[in-house]
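Every number in this text was worked out from the coordinates using simple rules, so none of it is lab data. All values derive from a computational prediction rather than experimental measurement. Every residue, glycine among them, receives a Cβ derived from its backbone with ideal geometry; neighbour counts consider all protein chains shown.
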Amino acid sequence: MVFCPHCVIGYNYRMRNVLAGIGWWQIQMLEFTLGGDVCGEGEKADKMNVTIQQARDRMHMRKEITLSVPEDIYWQVERVASATRRDVVDVMLDTLAHAFTPYPENPKRAAMKTEIAGYEAMHAELVKRFLGQYVAIYQGRLVDQDADPVALHRRITANYAGKVVLSRKVQQEAAPVLHMRSPRLERLP
C-alpha cells in the first residue's frame, strides 16, 4: 500500500481531530444556530425544522436489547457506578462506546507512523537535497524521489505493491501547520 497524505481515506491531514470535534459539535448545535426566528416563518422554515428534527432523532436513536452479563462483570460495573454516582446502564454504555473507535482504523497505521517518523528523522538532510521534490520512504529509508508526484507514485506502486510507503513533498517544515478558515454564517435578508 502506498501511503501519501491524499491517497488513503482518513489520513489526508486536512483536518485535525480537534477541528473535527469542533465541527461535529457545530453540527449538533445546528438547531440552535438555524432554528427559531433565524429561519423566519412559512414553508421554508417548516421544512428546515422538519430536517432538524429528523437529524436530532437520528443522533439520539437507541436500540433496546437484553444483555446477559456474567455476574462478576456486573458487580464490577456496579462498583464503578456507585463510586462515580452514576447509573449502571450509563457506565455500561460509556464502556461500550469507548470500546469502539468512531472511525475505522487502518490495520497498517503503526507502519504508517513508522514511515512518518523516518521522514521526520531525515528531514534536515532531505531539505538540503530534495527541497520542493517528492520523496518515498520505506522502512525508514529514502527509496525514491522525483519532481513529478504521479511518476513517483507509479514507481512506488510497481516496486512496492502491498507495502506501506510514505510519499511526501519535501518542504521547509517537517510537519507544516495547516490553517483552516471557519465558514461564516449570516442571516438571509
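Count charges around Asp87 for me, please; just the other residues with Cβ under 14 Å from its Cβ, Lys/Arg as +1, Asp/Glu as -1.
It works out to a net charge of 0.
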Cβ-based exposure ranking for Leu142, Leu152, Leu185, in which fewest neighbours within 10 Å come first = Leu185, Leu142, Leu152
note = Expressed in nanometres to one decimal, the distance between label points 7 Å along Cα→Cβ at Arg85 and His98 is 1.9
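Just to confirm a number: summing +1 for Lys and Arg and -1 for Asp and Glu over residues other than Lys163 whose beta-carbon lies under 13 angstrom from that of Lys163, what do you get?
Overall, the nearby charge balance is +1.
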remark   = For Met180, Met122, ascending order of other Cβ atoms within 10 Å (fewest first) is Met180, Met122
message = I need Asp144, Asp94, Asp87 ordered by Cβ neighbour count within 10 Å, fewest first.
response = Asp87, Asp94, Asp144
